[in-house]
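The values are calculated or read from the model by the stated rules, or taken from the named source; none is laboratory data. Please read these numbers as outputs of a predicted model, since none were measured by experiment. For neighbour counting, all protein chains shown are included, and Cβ atoms are generated from backbone atoms with ideal geometry for every residue, glycine included. For the accessible areas, the whole protein counts, side chains as well, though only heavy atoms, and no ligand, DNA or RNA atoms are used. Shrake-Rupley method; radii C 1.70, N 1.55, O 1.52, S 1.80 Å.
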Amino acid sequence: MLVHSFPPAITPGCRVLILGSMPGKRSLEMQAYYAHPQNLFWPFIAHIFNIPPETGYHERLRLLNQQHIGIWDVLKECIRISSLDGDIEEASIVANDFSALFAQFPHIRHIFFNGSKAEQAFRRHVLKRQIIPTHLHYHRLPSTSPANASIKKEHKLAQWQQITSVIAD
C-alpha cells in the first residue's frame, strides 16, 4: 500500500528537528504523529519537558515547538504493507524536500533520528540527493516504536534526554 507522511510540525524558532521514517498505520489513521498507544515518543516528551500526559495532541505539538523542537519524517511516500520499517519497499521511497525545509527554517542545528531506519533513509535518500546545510549535527536515538523492545524503556529514555542539552545551541 502506498503511504504518505504528514507535513512538518515545526515553527520558525525551532533549532532541533526530530525525524522518524514514516508514520505507522495507527498514526496514519489518526492523522497524528506517534499515535500508537504503545509508542514511547509522547510519554518520553511528556517526561522530559514536564508536559501532563493528558495534554491533547495539538497542544503537545505546540508545547514541543515552544521548546524549539520540530517533528517530521524522512520519507514523503513509500510502499509498505505494515507499520514496520522493515516492510518499506526500498525502490518505492520518495524523500521529503529537506532542501526547502532548511531554507524555510534556517535556525535548525540538530537532527535527531527516531531509530536507525530514519537515519539510514536520511543518509541514503536525502544527504546524497539534496542540498543540505553543512552546519547540522546528527544524533541517532533508539526508536520509540513498540517494535523496538530489545532496549529497556529506562535506557531509551536516558538517551532521549540528551535532546535537552542541545536546545540552547
Subject >> Förster radius 22 Å - calculated FRET efficiency between HIS107 and THR134, Cβ distance, rounded to 0.05 >> reply: 0.90
Original post:
Assuming a viscosity of 0.890 mPa s and a temperature of 25 °C, what translational diffusion coefficient in µm² per second does Stokes-Einstein assign to the range 62-143, Rh being the Kirkwood radius over Cα pairs?
Top reply: 179 µm²/s
**OP:** Leaving out ligands and nucleic acids, note down the accessible area per residue over the chain with a 1.4 angstrom probe, in whole Å².
**Re:** 50 Å²
**OP:** Might you report the magnitude of the Cβ-based charge dipole of the chain about its Cα centre, with Lys and Arg at +1 and Asp and Glu at -1, to the nearest 20 debye?
**Re:** 280 debye
Original post:
Using the per-residue mean of other Cβ atoms lying within 10 Å as a proxy for protection, in what order, highest first, do the peptides 59-67, 128-136 fall?
Top reply: 59-67, 128-136
**OP:** Tally up the carbon and sulfur contribution to the accessible surface of the chain as a whole percent, 1.4 Å probe, everything protein left in place.
**Re:** 54 percent
**OP:** Could you rank the peptides 73-80, 95-102, 140-147, 18-25 by their average count of other C-beta atoms within 10 Å per residue, with the highest value first?
**Re:** 18-25, 73-80, 140-147, 95-102
Original post:
Tell me, in nm to one decimal, what length is gained between GLU59 and LYS152 on full extension, where the rule is 0.36 nm per residue of separation less the Cα-Cα distance?
Top reply: 30.7 nm
**OP:** Taking the Cβ of VAL94 as the centre, find all other residues whose Cβ is under 11 Å away and add up their charges (Lys, Arg: +1; Asp, Glu: -1).
**Re:** 0
Subject >> Entry for mean projected area of the Cα convex hull in nm² (calculated from the structure that is shown) out of [x] 10.0; [y] 12.5; [z] 9.0 >> reply: [z]
**OP:** Out of all DSSP beta bridges with both ends in the chain, state the antiparallel percent to the nearest 5.
**Re:** 35 percent
Original post:
Going out from 0 in 5 Å bins, what whole percent of all Cα-Cα distances in the range 107-169 drops into each bin?
Top reply: 4, 15, 24, 23, 17, 12, 5, 0
Original post:
Any number yet on Rg/Rh for the range 56-106, C-alpha, Kirkwood?
Top reply: 1.09
Subject >> Point-to-point label distance, SER92-SER116, nm (Cα→Cβ direction, 7 Å offset) >> reply: 2.3 nm
